[in-house]
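One structure coming up, written as structure tokens, with questions to follow.
Taken together, the values in this text are just the output of simple stated rules run on the coordinates, not laboratory data. Keep in mind the model is a prediction, meaning the values are calculated, not measured. Here the Cβ positions follow ideal geometry from the backbone for every residue, glycine too, while neighbour counts run over all protein chains shown.
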Amino acid sequence: MTKWIAVADDDITTLKVAGRILNNNNLRISAMNSGMALLSFLKENKPDLILIDADMIGMNGVDTLKLMREQEKKKGTKATPVIMLKSQDDTESEGLTSELNVAAYIQKPITPDALLEVIGKVINISGCTAENKCEDQKADQPIDHTGVEVDDADDLEHFNRKLREKEDPNTALWVDSKAFSYIYRFFARYIASYKAHACKVLFTFSELKEIDGLEKDFSGMMEDFGDILKNILRKSDVVVKSKSNQFLILLPEVDEEHLDNVLDRIEQGWNEYRYSDYVAIIYEREMVSGEESGLDERKAN
């Protein structure tokens, strides 16, 4: 079964690098940019391993870990293995976390070999190195969209119908969960047939604490995040608001460089949003790729 790793760091570069390394090794990743987001995420989720940056702004990694262990004791759950990320000049973290069951420490900036070696030791992923891509692992899906078998023509008809209903031809396609299931299955077969590639990104928002004086409620904030996506995503991308606090995005024909650019722009757009300090954002990404790009070969002919 694929291992699930959560990463908490306020540095978007570290989240991107960790995401790329873990995705390349078919490991499931959930990324969040604050300790508050991690604690909110852990209320309903239990990853196999957590990477925490020791020196986060606001709630640092040590304080986050203390509250995390308290949460686990109250719930009566087993302590999740933790790897602490620390800077080169950090000489205090190891002493402060000695009683918080930290499995290992990694010095930043992280490298593929160092990260995979430590992760492999902590959660026993055999053969997981930068050269050996954990071939036996299969990436879990954030949401299962393959529960009903339908034929290609049926899926394609649903896809075309949604395209015809699209109000703005220059923005991403917004659909409901049922329509997304048809479209996802169509793209899955397309990827398999033409050795193409795509990415799914699941954005989840923490609950909004009751704060007096806010002009926006949680629903309004989610509408504003939807507007951020509309200004960034391509017209070939597909979006579904799967829950009141979740947006699932399918980006066809996207490579790591474009994905990093999209995530950067979404992160920047949310950070500039006037209420972003009140709601933490978590994202989970999964690359779906063929072995070779047969589609590129067809274009070249």
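Looking at this model, which pairs from K121/K241; K121/K243; K108/K216; K3/K75; K73/K216 are more than 32 angstrom apart at the alpha-carbon?
Listed pairs above 32 Å: K121/K241; K121/K243; K108/K216; K73/K216.
Using a Förster distance of 45 angstrom, determine the FRET efficiency expected from the C-beta separation of A188 and A104, and round it to 0.05.
Details: r = 36 Å, r/R0 = 0.81.
Given R0 = 45 Å and the Cβ-Cβ separation, E is 0.80.
Which order do the peptides 57-64, 5-12 take when ranked by the mean count of other beta-carbon atoms within 10 Å per residue, highest first?
Order by mean packing, descending: 5-12, 57-64.
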